[in-house]
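Just below is one structure, and these are the notes that go with it.
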Amino acid sequence: MSQTSLPLLVTGAAGFIGSRFVVSCQARGIPVISVDRESHFADRTEHRGIAYGTIVDRGNLFEWLEREKPALRGIVHLGACANTMETDEAFFRKWNVEYSQKLWQLATRERLPLVYASSAATYGEGEQGYDDDESALGRLRPLNPYGRSKHAFDLWALEQERAGHAPPAWSGFKFFNVYGPGERHKNKMASVVLHAFDQIQAKGEVRLFRSHRAGIADGHQARDFVFVDDVVSVLEFALARPLRRGIFNLGSGQARTYLDLTRAVFRSLDKPEKITFVDTPIEIRDKYQYFTQARMARLRAEGYAPPFTALETGVEAYVHELLSRQ
């Protein structure tokens with residue numbers, strides 16, 4: 001069987017970014033083996049019509065691989081618990097660290113390229129900046145169990161590489177604030193674009209968190225918002241090149257405020273602007289990032305040239321998609 005006819009193993013395939021990546025594979029004629037909690041493929045109505053190929057429940061994946069022994073072209077590991085409100089460290093260790101380690105070991109043993117999702121949550125408050133210089137990773141201090149789990153795997157991967165146990169090509173990507181079609185199933189963890197859209201449609205206003213930090217005005221908390229199609233484009237690039245190795249930022253490279261984002265949603269809906277500020281919940285207040293901005297120089301140096309989608313352009317495309325579904 002030729003390499004071009006072999007499937008990609010895609011974890012988190014029924015998720016937000018995973019489902020968009022599977023659609024891109026479908027458009028390019030690349031077969032996939034889709035891994036996720038099996039019920040997600042039926043439950044998530046926003047993803048109906050996607051050709052998922054072979055579906056494997058995430059809990060049975062390694063037994064299935066041992067039994068079926070499929071020939072693969074590579075692994076795209078996007079599956080994880082991304083709930084920043086979850087506090088169960090053991091749960092994160094099982095699904096975000098140990099599961100990822102097994103996939104790394106599989107890719108190493110079978111000599112398969114591996115692309116995986118890390119997170120900007122590894123940067124914590126950003127006191128060390130947002131530079132993806134791997135020599136500085138040990139100084140990062142994530143703010144929550146989710147970020148710590150992603151950071152733990154990044155550090156483990158580098159240790160494995162130093163010990164001579166690595167896939168032939170591998171790349172991890174620190175996703176910043178991804179938004180776009182296909183995220184409604186994330187509920188509270190969905191982007192502020194979706195929450196703003198729903199609030200405007202229901203009540204004509206948007207509620208944003210008040211600033212609790214001196215020198216930062218309400219609504220001027222800033223994030224690096226990156227459109228989901230740009231994320232998929234980078235994943236495609238990493239596999240096609242392939243990127244030889246490394247952990248890279250994946251954002252737009254430009255921080256924008258929540259006011260910028262919310263105003264873009266109002267404009268896209270052609271609705272008058274009405275924004276109310278509410279206190280940031282106590283339980284997340286000390287873990288709240290006030291600024292993120294990806295330094296993208298390393299990925300650009302690897303040859304990724306396409307421009308990232310401007311916030312207003314991405315929001316408008318996303319809002320039109322949401323309106324079409326109504």
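The values are calculated or read from the model by the stated rules, or taken from the named source; none is laboratory data. Given the structure is predicted, the values throughout are model-derived calculations rather than measurements. All Cβ positions, glycine included, derive from the backbone under ideal geometry; neighbour counts span all protein chains shown.
Assorted remarks:
- Inside region 20-59, residues that are of a type in the set (S, T, N, Q), assigned to a helix (DSSP H, G or I) and in contact with a strand residue (DSSP E or B) (Cβ under 9 Å, 6 or more places away or on another chain) make up a count of 2.
- Residues of region 6-31 that are under 19 Å from the mean Cα position of the chain (by Cα) and either closer than 23 Å to Glu110 by Cβ or outside the structural domain of Ser233 (by TED's automatic domain parsing) (or both): Leu8, Leu9, Val10, Thr11, Gly12, Ala13, Gly18, Phe21, Val22, Cys25.
- So Ala190, is it surrounded by fewer than 19 Cβ atoms within 10 Å (Cβ to Cβ), within 24 Å of Phe16 (Cα to Cα) and of a type in the set (A, V, I, L, M, F, W, C): yes
- Restricting region 84-126 to residues that are over 13 Å from Lys150 (Cβ atoms) and small (Gly, Ala, Ser) leaves a set whose member that is surrounded by the most Cβ atoms within 10 Å (Cβ to Cβ) is Ala107.
- Selection count where residues are surrounded by 24 or more Cβ atoms within 10 Å (Cβ to Cβ) and either of a type in the set (Gly, Ala, Ser) or more than 19 Å from Asp230 (Cα to Cα) (or both), scope region 12-31: 6
- Matching residues in region 148-175 - criterion: being among the aliphatic types (A, V, I, L, M), surrounded by fewer than 19 Cβ atoms within 10 Å (Cβ to Cβ) and part of a loop (DSSP other than H, G, I, E, B): Ala163, Ala166
- Of the helices (runs of 4 or more DSSP H) lying entirely inside region 225-326, the ones with 1 or more residues being touching a residue at least 60 places away in the same chain (Cβ under 8 Å), among the acidic types (Asp, Glu) and in contact with a Ser or Thr (Cβ under 7 Å, 6 or more places away or on another chain) are found at 228-240.
- Qualifying residue in region 54-66 (condition: closer than 22 Å to Ala240 by Cβ and either of a type in the set (A, V, I, L, M, F, W, C) or surrounded by 22 or more Cβ atoms within 10 Å (Cβ to Cβ) (or both)): no
- Yes/no for Leu269 being of a type outside the set (Val, Ile, Thr), in contact with a strand residue (DSSP E or B) (Cβ under 8 Å, 6 or more places away or on another chain) and surrounded by 14 or more Cβ atoms within 10 Å (Cβ to Cβ): no
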